[in-house]
Amino acid sequence: MPGPMLPKVAILDDYQGVALRMADWSVLDGRAEVVAFDDHLDRVDDIVERLRPFEVVCVMRERTPLTRDVIDRLPNLKLIASTGRANASIDTAASAERGIEVTHTDYSSTPTIELTWALILAMARNLAIENRSLRDGGWQVGLGTELAGKTLGLLGLGHIGSAVGVIAQAFRMDVIAWSQNLTAERAAEKGVRLVDKDTLFGESDILSIHVRLSDRTQGLVGEPELARMKPTSRLVNTSRGPIVDNGALLAALREGRIAGAALDVFDTEPLPLADPLRSLDNVLATPHIGYVTAEMYRTFYGDALRHIVAWIEARRG
């Protein structure tokens with residue numbers, strides 16, 4: 001008699017094709033069937049069609065939203081193994097109603113802190129433009145900007161924002177901060193000067209965003225805030241795209257009302273091919289790689305795999 005069918009595990013949005021190398025998935029040999037998908041699907045019908053046979057879905061952060069519509073159409077789904085400590089794109093209420101377990105992994109903010117500074121430094125010294133000139137057979141084409149003596153403004157002073165501020169002090173920058181709940185005591189503890197919102201946008205030479213996306217922060221940086229920024233100032237966003245009003249940002253960049261922007265996050269991801277952010281000369285854009293390091297992936301996939309193994313063992317009793 002044939003044995004019981006093995007549970008099927010789907011690993012989604014493995015963009016780099018590395019998921020199966022970031023953890024020892026061989027522990028599932030003979031216990032589960034694992035399939036990694038390196039492409040991204042946008043249409044709900046396509047997502048449902050792909051995932052219908054799977055009992056377990058391993059999702060990377062918010063790359064593929066598992067909405068109620070998707071969850072309700074996946075009768076075999078029993079476990080969602082998400083990477084990161086939280087995933088706002090999973091409908092946890094719909095999962096709970098269906099008795100679908102949702103697990104999360106450990107997380108480190110170190111990669112995002114480091115990428116923020118990579119973007120700040122690359123933007124200040126025009127590295128992308130100078131590199132392109134060199135590759136095209138040219139030589140120096142612009143002037144960089146020194147950071148010493150400049151003002152770094154932090155929109156948000158949580159774990160990531162405060163760490164970014166500490167590094168700024170090593171560059172001899174003045175650091176100011178504002179957020180809706182920031183207190184003078186918290187700012188002083190981090191060696192940062194608390195200012196009001198208007199001052200934050202008006203004085204910052206580099207303004208870096210480090211707040212969580214929520215109803216309160218969506219569109220927090222809009223036309224009025226961008227209008228207060230100096231024409232020599234630059235904006236950095238490694239948090240979430242919708243915190244910034246995309247239309248207002250595009251207008252400010254096109255009209256030269258701010259000098260530039262460094263962006264790792266966008267309203268729609270992957271960024272559509274025709275999006276103007278892909279081609280504006282005063283935009284340094286990266287494809288949401290703030291957390292994309294070998295070390296972080298090993299944590300994500302290693303923890304997710306342990307949750308999957310535990311689920312299989314519990315199911316077998």
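The values are calculated or read from the model by the stated rules, or taken from the named source; none is laboratory data. Remember, it's a predicted structure, so these values are computed and weren't measured experimentally. For neighbour counting, all protein chains shown are included, and Cβ atoms are generated from backbone atoms with ideal geometry for every residue, glycine included.
Below, the figures for the structure above:
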read-out: First in segment 151-163 and in the same structural domain as GLU189 (by TED's automatic domain parsing), second anywhere and aliphatic (A, V, I, L, M) and assigned to a helix (DSSP H, G or I), Cβ under 6 Å, 6 or more apart; value: LEU152/ALA168; GLY153/LEU200; ILE160/ILE113; ALA163/ILE113
read-out: Which listed residue, of SER214, SER208, is polar (S, T, N, Q) and assigned to a loop (DSSP other than H, G, I, E, B); value: SER214
read-out: Residue within segment 178-189 that is within 20 Å of ASN237 (Cα to Cα), touching a Phe, Trp or Tyr at 6+ places or on another chain (Cβ under 8 Å) and of a type in the set (Gly, Ala, Ser) present; value: no
read-out: Yes/no for PRO111 being touching a Lys or Arg at 6+ places or on another chain (Cβ under 9 Å) and more than 19 Å from ASP42 (Cβ to Cβ); value: no
read-out: Matching option when the condition is outside the structural domain of VAL56 (by TED's automatic domain parsing), at pLDDT 95 or above, surrounded by fewer than 20 Cβ atoms within 10 Å (Cβ to Cβ) and hydrophobic (A, V, I, L, M, F, W, C), among LEU115, LEU121; value: LEU121
read-out: Test: residue in segment 164-173 that is in a helix (DSSP H, G or I), among the β-branched types (Val, Ile, Thr) and over 27 Å from ARG257 (Cβ atoms); value: yes
read-out: Leading residue by the ranking (surrounded by the most Cβ atoms within 10 Å (Cβ to Cβ)) among those in segment 38-64 that are in a helix (DSSP H, G or I) and in contact (Cβ under 8 Å) with a residue 24 or more places away in the chain; value: LEU51
read-out: Residue pairs meeting the criteria (Cβ under 7 Å; at least 6 apart or on separate chains; first closer than 15 Å to PRO287 by Cβ, in segment 12-27; second among the polar types (S, T, N, Q)); value: ASP13/THR64
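Let's see how each residue does on (1) surrounded by fewer than 20 Cβ atoms within 10 Å (Cβ to Cβ); (2) among the acidic types (Asp, Glu); (3) at pLDDT 95 or above; (4) outside the structural domain of LEU154 (by TED's automatic domain parsing):
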| residue | (1), (2), (3), (4) |
| --- | --- |
| ASP198 | yes, yes, yes, no |
| HIS210 | no, no, yes, no |
| ALA227 | yes, no, yes, no |
| ILE243 | no, no, yes, no |
| LEU253 | no, no, yes, no |
| ARG257 | yes, no, yes, no |
| ALA274 | yes, no, yes, no |
